[in-house]
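Nothing in this text is a laboratory measurement; each read-out follows from the coordinates by a stated rule. Small disclaimer: the values here were computed from a predicted structure and weren't measured.
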């Protein structure tokens, strides 16, 4: 009987913890500063100074993609990318996710409509 009561109590506590996590507002959000910082190692590739995507660039893309958990995060990252990438480097920038083996779900392009990013 004591084991049963302990199991019920443990289950109740676990459910309460899950409910608290689900109800807690999400404070974290992607910022353009984070996007710029994560993708700083990509600048020489985007500008054409180097021919291959640097490993640090791929690490930044993977990190940013992992951090962008919500639609709002992904749309913000998209808008930041559009503002950071010069139109002259858009071709190289668009190749980065594929070269790094990352699917970000949209094209890095001046013509991308970030409002449609899910």
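In the stretch 31-116, the inverse of the mean reciprocal separation of distinct Cα atoms equals 12.6 Å; this is its Kirkwood hydrodynamic radius. Subtracting the Cα-Cα distance of residue 70 and residue 83 from 0.36 nm times their residue separation leaves 2.7 nm of extension gain. Using only the Cα atoms of the stretch 78-118, build the gyration tensor, take square roots of its eigenvalues as a ≥ b ≥ c, and label the shape rounded, prolate or oblate: rounded if a/c is under 1.5, else prolate if a/b is larger than b/c, else oblate. Oblate.
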